[in-house]
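None of the figures in this text is laboratory data; all of them are computed from the coordinates on show. Worth saying up front: this structure is predicted, and the values here are computed from it rather than measured. All Cβ positions, glycine included, derive from the backbone under ideal geometry; neighbour counts span all protein chains shown.
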Amino acid sequence: MTNRRQFLALAAGAAGTLAAPAIARAQGAYKSEYKLSVVGNRPIPLSEGAFRWAEMVTQRTQGRINVKVYPGSSLVGGDQTRELVAMRQGVIDFVVSSTINLSPQIREMNIFSLPFLMPDARAFDALINGEVGRDLAGLLAQRDSMVLAWGENGFREISNSKRVIRTPADLRGLKIRYAAGPIFKDIFEAMGANPVQMSFADLQPALSTGAVDGQENPVNLYLAFRMDTLAQRYLTIWNYVADAGIFHLSKAIWDSFTPADREIVKAAAEEAAREQIAGSRRGLGAGGDRSSFEELARRNVQVTELSADEKRAFAQATRPVFERWAPQVGTELVQKAERAIAARA
């Protein structure tokens, strides 16, 4: 019996000795650096969320997963619409994406770009936290991407250098930059504007030279990039669309992590996403906080906040675009969205 116990102890020790190099090899298989891509840079909320995710993962894994942020979509030459393709090619490991920039590859992401679908932040939350969010995560999974959390880039407002925009007719003839996706071209053409597709990297010089008259982006991005200094004197709050921020990473990279490290990466994504949503909404009226509007006033920006009736006029003008795009986005997905919005708390 003693010999048997000694044998088992020796065998267990040998197994442990043999396992140690295997564990070391597995840990050694981790990259020395994981690349995270995001459009823009701090302090805009979408980019802030990317940096926070990277910082938390790196700190909480004691550097085992060392994540470095590459802002301005620099890994894809500033073209944020190429991030998903680059991730599938192994150029990018982690991404914080705007759904607008995913829409050229995944048409269903245009659900957030259907004009005037979401009347408020609660409607947006109903989509990302319900069936719509799960369906879209499933579509990314089919493209080798793991969605870990949903954030928000914010409701997109419109600014320009020429005049106050209060009615659809006020857009007539204005050159308006949009990021990506032909649905935006259709929306602005429906109101008589001249839409121009352009990367975010090219937007600031285009505004400063007058190559375009205006642009549409969340208020806090407008403030962060001081678009008031780029002749964007007129800003209209119309909440015509809101795009989500998606915290996701390559499935191959996800599969290479230990279960414990996956938990850390996911928890960090969820925390960064919560912070990012709070940042995108800060100062825009929730809880009486209008500090972003106060800052706009200090910068002498003429802000026009549309009434419900005025928004309905824009919704009516763009309704043909909604109806044309709904089947392309997916009739069933649109119906799920409408039901979720109608039932929102």
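Extension gain for residue 323-residue 129 works out to 67.4 nm (0.36 nm per residue, less the C-alpha to C-alpha distance). Annotation: amide H-H contacts under 5 Å for residue 175 (H modelled 1.01 Å from N, sequence separation of 5 or more, or interchain): 194, 213, 214.
Distance between the 7 Å Cα→Cβ label points at residue 289 and residue 91: 3.7 nm.
Extents of the chain, taken as max minus min of Cα coordinates on every principal axis and listed largest first, are 93, 41, 39 Å. Rounded to 0.05, the FRET efficiency of the residue 308 and residue 172 pair, given R0 = 22 Å and the Cβ-Cβ distance, is 0.45. Assuming charge only on the beta carbon of Lys and Arg (+1) and of Asp and Glu (-1), the dipole of the chain about its Cα centre is about 560 debye to the nearest 20. Once the chain from residue 201 to residue 70 is taken as fully extended at 0.36 nm per residue, the excess over their C-alpha distance is 45.8 nm. Normalised by the number of residues in the range 31-342, the average gap of Cα pairs under 8 Å and 6 or more apart makes the relative contact order 26 percent. Potential lengthening of the chain between residue 33 and residue 60 amounts to 8.2 nm, from the contour at 0.36 nm per residue minus the alpha-carbon distance.
To the nearest 10 degrees, how steep is helix 331-342 against the longest Cα principal axis of the chain, on a 0 to 90 scale? Taking the Cα atoms of the chain, the angle to 331-342 is about 80 degrees. The Stokes-Einstein estimate for the range 123-261, based on a Kirkwood radius over Cα pairs and taken at 37 °C with 0.692 mPa s viscosity, is a diffusion coefficient of 195 µm²/s. With contacts taken as Cα pairs under 8 Å and at least 6 residues apart, the range 159-314 reaches a relative contact order of 28 percent. With both residues required to sit in the chain, DSSP beta bridges show an antiparallel share near 55%.
With K and R counted +1 and D and E -1, the other residues having a Cβ less than 9 Å from that of residue 194 yield a net charge of -1. Please identify, among 182, 218, 195, the residue showing maximal mean-square fluctuation in a Gaussian network model of the chain using a 10 angstrom Cα cutoff. The residue with the greatest mean-square fluctuation here is 182. How much net charge surrounds residue 290 when only other residues with a Cβ under 11 Å from its Cβ are counted (Lys, Arg +1; Asp, Glu -1)? Here the count lands on -3. Along the axis of the charge dipole computed for the range 31-342 (Cβ charges of +1 for Lys and Arg, -1 for Asp and Glu, origin at the Cα centre), the listed residues 132, 241, 211 are led at the positive end by 211. If you take all other residues with their beta carbon under 15 Å from the beta carbon of residue 310, and give Lys and Arg +1 and Asp and Glu -1, the sum is -1. In the chain, the DSSP-assigned H stretches of four residues or longer account for a calculated mean residue ellipticity at 222 nm of -15000 deg cm²/dmol, using -39500 (n - 2.57) per stretch and the full residue count as denominator.
Measuring r between the beta carbons of residue 252 and residue 300 and using R0 = 35 Å, the FRET efficiency lands at 0.10.
Highest GNM mean-square fluctuation among 110, 66, 160, for the chain modelled with Cα contacts below 10 Å: 66. By the count of other C-beta atoms within 10 Å, a proxy for reagent exposure, 332, 83 are ordered fewest to most as 332, 83. The value given for the range 193-345 is a Kirkwood hydrodynamic radius of 19.1 Å, derived from the mean inverse Cα-Cα separation.
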